[in-house]
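Let me begin by presenting the structure, written as structure tokens, before commenting on it.
The values are calculated or read from the model by the stated rules, or taken from the named source; none is laboratory data. Since the structure is predicted, the reported quantities are computational estimates derived from the model, not experimental observations. Here the Cβ positions follow ideal geometry from the backbone for every residue, glycine too, while neighbour counts run over all protein chains shown.
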Amino acid sequence: MAVSAGVSIGYLAERTGLAVSAIRYYEAQGLVEPWRNAGGQRRFHRADLRRLSFIMIAQKFGFSLPEIQGFLKSLPGGRTPTKADWTKLSTAFRSHLDARIETLMKLRDDLDGCIGCGCLSLPSCKLYNPDDAAAAKGQGPRYLMGDKASDTAKDGNTLSNDGN
């Protein structure tokens, strides 16, 4: 298959294991940009195999499509990305991936203490949030995400996990 002629959506689906409908969805989201040949068929760059593979891997690590699209914007349009282009993308992606790994490891380690504890020590529990004080830090399980109750002030008082 000639590079200038591009590859078909069926070829991409076969090579990546993605459904044709998924590739069309990624196209609609602006993650890949095919063109139409004289016969009106979608044609993709051969390099879209790598783009789609990156999308699949990033999604498995929990990155959203808008996040993935942000990473892919660093790649050039209209030409096959070079090793330097992919290195630039991977450097940016790596820092986000490292942060995600650190968060997951902290969550894993903190949950080890929670599972089966029966909450016999509520003041030191990472899920305990008296008077919803953690809401001042944002949404979600703030203490499991790294915030400390001692950093959360409510009505001018500093709270801590030790009950003081």
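Can you find, within region 1-34, the residue that is surrounded by the most Cβ atoms within 10 Å (Cβ to Cβ) among those that are in contact (Cβ under 8 Å) with a residue 40 or more places away in the chain and under 15 Å from R51 (Cβ atoms)?
Across region 1-34, the extreme among qualifying residues is L12.
Could you check L104 against (1) touching a Leu at 6+ places or on another chain (Cβ under 8 Å); (2) within 30 Å of P141 (Cα to Cα) and say which number it fails?
So the condition that L104 fails would be (1).
Looking only at region 35-56, decide whether some residue is assigned to a helix (DSSP H, G or I), in the same structural domain as E102 (by TED's automatic domain parsing), within 11 Å of the chain's Cα centre (by Cα) and touching a residue at least 12 places away in the same chain (Cβ under 8 Å).
Within region 35-56, one or more residues are assigned to a helix (DSSP H, G or I), in the same structural domain as E102 (by TED's automatic domain parsing), within 11 Å of the chain's Cα centre (by Cα) and touching a residue at least 12 places away in the same chain (Cβ under 8 Å).
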